[in-house]
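Novice: First, the structure itself, so that you have it in front of you.
The values are calculated or read from the model by the stated rules, or taken from the named source; none is laboratory data. As the structure is a prediction and not an experimental result, all values here were calculated from the model. We place every Cβ from the backbone using ideal geometry, glycine too, and count neighbours over all the protein chains shown. SASA here: full protein model, heavy atoms, side chains in, ligands and nucleic acids out. Shrake-Rupley method; radii C 1.70, N 1.55, O 1.52, S 1.80 Å.
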Amino acid sequence: QDGRSSFIGHQLGGVMEMPNSKDQRVKSARAIQITYYLQTYGSVTQDLIGEKWESEFCKLMHKMQLDHQDLQLYSLASFSLWKDFHQTSLLARGKVLVSLMLILLTATLSSSMKDCLRSKPFLGLLGVLTICISSVTAAGIFFITDGKYNSTLLGIPFFAMGHGTKGVFELLSGWRRTRENLPFKDRVADAYSDVMVSYTMTSSLYFIAFGMGASPFTNIEAVKVFCQNMCVSILLNYFYIFSFFGSCLVFAGQLEQNRYHSIFCCKIPSAEYLDRKPVWFQTMMNDGHRHSSHHETNPYQHHFIQHFLREHYNEWITNIYVKPFVVILYLIYASFSFMGCLQINDGANIINLLASESPSVSYALIQQKYFSNYSPVIGFYIYEPLEYWNGTVQEDLKTLSQGFNTVSWIEQYYQYLRVENISATNKSDFISILQSSFLKKPEFQHFKNDIIFSKAGDENNIIASRLYLVARTSENTQREAVELLEKLRPLSLIQSIKFIVFNPTFVFMDHYGLSVTMPVLISGFGILLVLILTFFLVIHPLGNFWLILSVTSIELGVLGLMTLWNVDMDCISILCLIYTLNFAIDHCAPLLYTFVLATEHTRTQCIKNSLQEHGTAILQNVSSFLIGLVPLLFVPSNLTFTLFKCLLLAGSCTLLHCFVILPVFLTFFPPSKKHHKKKKRAKRKEREEIECIEIQENPDHVTAV
């Protein structure tokens, strides 16, 4: 009505044009997008008033939607993204507690045996509680040091639990491998010497990998904050397991040595006394004496996971008829992984980080449906005095805004001068006509807020101004918007005109400029670090080679499969990729190095012994980890869905490699065990000669020999 002329192409969605019209007149539009800018002056009071207005506005829109069912109204205010982003934490509180209960239950059951003397249910329980205490301590340190919480930190308890429980279950396995006739202090010492070296090494790798993420090289602030907190959690995890859980292991060992019940902590009666009692009492107080035979060397072999691996799984996976199917399975796995890696989607989608049923998600979905032909409105802010009347400056501004539809006071003013046939080639004329004539007209009054004047004496100056840019885009709006950022920002550094560009969605889009390169760099550096560290710590170089090969296979598998599962490269998936690298090392390294350094005369026997030694701890940890992820499925948030998908793939791919791929591939690839076979034959021949001499010299002790 006031004669204002403005570009509104980006505000109309689902447009239908008049048929057979020469100038493309709009017949109808399915959607309209209206933007309100609240005026504030930077004071705290103004900000509070603005926030209150926005809150009331959103409530009003919701009420109007209920009153007018024929209309679909969606609102988005400046605080909406922040509010809906943090809503995930509130929604996930109960589910995280359920996860903890499930992990506690799984750890307790998997550490139990029928043997009431050697069963260690409380150690599994205390191990998980140890990780919980360390995570709470890390959170306390984080908040004491003025850390700012955000929903991405929701992944830290799961990351810390996946690494911490591995140390707990490995210590339990190390205890089971010790000799029962040793004093409990010596058994604890043997368990520590067997396990804590590798656990120290993997904890160091976690610390270094996440330390890189926390370094100044990381440009994503959310990733930096997460990695800082993760480093503290890993450090505390290590010391809590080393000290607190170690003392729990000592206490449990003392109870076992003194023949106390592992649950009721009462003295286990003798076998003669048990034989006179009912069956239920014998079952509760059974210490394994009925199941053990004269040739039983290790009563811990009755643990149900160890028994399953030794008696059933080891023989099945090393069967010659199973191996071809495993090779085919790996080829399928590698094909899908490679196919997924070629389709990595690094587009910034805000929806992936918000609660599923939040107003922001509804708004974003409608905007993508109807308004994807244009980029977000980009604010172009010139923050220094310019000679706008100068022809060169005018050409520079035209060059910068080339390819955009502009909503600009500058263009409108130049057009006004041409229409009115007015010349304004010097500063005084340009500013006086702008203030006294142009901005007084009703159709141009709205530009007053886009120009900041200052007065020095009798002279007026333009110290800053702004205009708005809208770019025409294709269906892939987010990717093109990121490309616009990459195009405009370098220009702000090299051009003579000092400006900045901004839109609220840029905060999210900034995460994706390095979304592919950052995890690749950190993963590559981590693998290189593993190679360097293991080169000095492990004698056999093939151990390093197999570890790097396995970790690379798992990392690429997770990356490819999560792409095929429609997971974008957002903040959470980047952190999960960094974690996958360390999680794979955590589980593959002990298995591989035990195999490489084994002295059995066949590869098959070496891999069987490796699985028997470390398979129980790996299966306990990965199963606890995966079961703990299940409640995340019931949190109505895209962020937790992404976390669930990525961690499920990390655990599944690691389990697949440890129990299926590596046990088969190691049986027909180097390292060879022939030199061990020759040494063993020589030792056996020498031992037989010694035994023969003993038999001849002591004919009365033949049976003993």
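Novice: Please give the peptides 11-21, 206-216 ranked by average Cβ packing (other Cβ atoms within 10 Å per residue), highest first, as a rough proxy for protection.
Specialist: In descending order of packing, they fall as 206-216, 11-21.
Novice: Separate question: From the phi of every residue in region 302-308, what ³J(HN,Hα) in whole Hz does the Karplus formula 6.51 cos²θ - 1.76 cosθ + 1.60 yield, where θ is phi - 60° and glycine or proline is x?
Specialist: 7, 4, 4, 6, 5, 5, 5
Novice: Please compute the per residue accessible area over region 394-466 with all protein chains in place, 1.4 Å probe, rounded to a whole number of Å².
Specialist: With the other protein chains kept in place, region 394-466 gives 56 Å² per residue.
Novice: Moving on to the next point. Loop only per DSSP, at most 16 neighbouring Cβ atoms within 10 Å: give me the chymotrypsin sites (Phe, Trp or Tyr not before Pro) in region 75-169, ordered by residue number.
Specialist: Phe79, Tyr149
Novice: Take the alpha carbon atoms of region 15-80, find their center, do the same for region 552-590, and report the distance between the two centers in whole angstrom.
Specialist: 40
Novice: With a 1.4 Å probe and every protein chain kept in, tell me what percent of the accessible surface of region 333-426 is carbon plus sulfur.
Specialist: 50
Novice: Provide the net charge surrounding Leu629, with neighbours chosen by a C-beta distance below 11 Å and charges set as Lys +1, Arg +1, Asp -1, Glu -1.
Specialist: On the way: positive: Lys95, Lys645; negative: none.
Result for the local shell: +2.
Novice: Return the sequence-ordered ³J(HN,Hα) values of region 568-581 in whole Hz as given by the Karplus equation 6.51 cos²θ - 1.76 cosθ + 1.60 applied to θ = phi - 60°, using x for Gly and Pro.
Specialist: Whole-Hz 3J(HN,Hα) from phi for region 568-581: 7, 7, 9, 4, 5, 5, 4, 5, 5, 5, 5, 5, 4, 4.
Novice: Go through region 179-195 residue by residue and turn each phi into a ³J(HN,Hα) via Karplus (6.51, -1.76, 1.60, θ = phi - 60°); whole Hz please, and just put x for glycine and proline.
Specialist: Residue by residue, region 179-195 yields 7, 5, 7, 7, x, 4, 5, 5, 5, 5, 4, 5, 4, 5, 5, 7, 10 Hz.
Novice: Okay, moving on. Roll a 1.4 Å probe over the protein chains and send me the accessible area per residue for region 53-114 in Å².
Specialist: 64
Novice: With contacts defined as alpha carbon pairs under 8 Å and 6 or more residues apart, what's the relative contact order of region 45-198 in percent?
Specialist: The normalised contact order for region 45-198 reaches 14 percent.
Novice: Taking the convex hull of the alpha carbon atoms in region 364-446, what volume per residue do you get, in Å³?
Specialist: So the per-residue hull volume is 133 Å³.
Novice: Past 18 Å, Cα to Cα, is the threshold; run Lys398/Lys498; Lys398/Lys487; Lys166/Lys608; Lys427/Lys455 against it and keep the listed order.
Specialist: Check vs 18 Å cut-off fails for Lys166/Lys608.
Novice: Return, for the Cα atoms of region 5-137, the radius of gyration and Dmax in Å, separated by a comma.
Specialist: Both quantities, over Cα of region 5-137: 28.2, 92 Å.
Novice: Something else: Between Val26 and residues 5 or more places away or on another chain, which pairs have amide H atoms under 5 Å apart, with H built 1.01 Å from N, and which residues are they?
Specialist: Under 5 Å from the amide H of Val26 lie the amide H atoms of Met18, each far enough along the sequence or on another chain.
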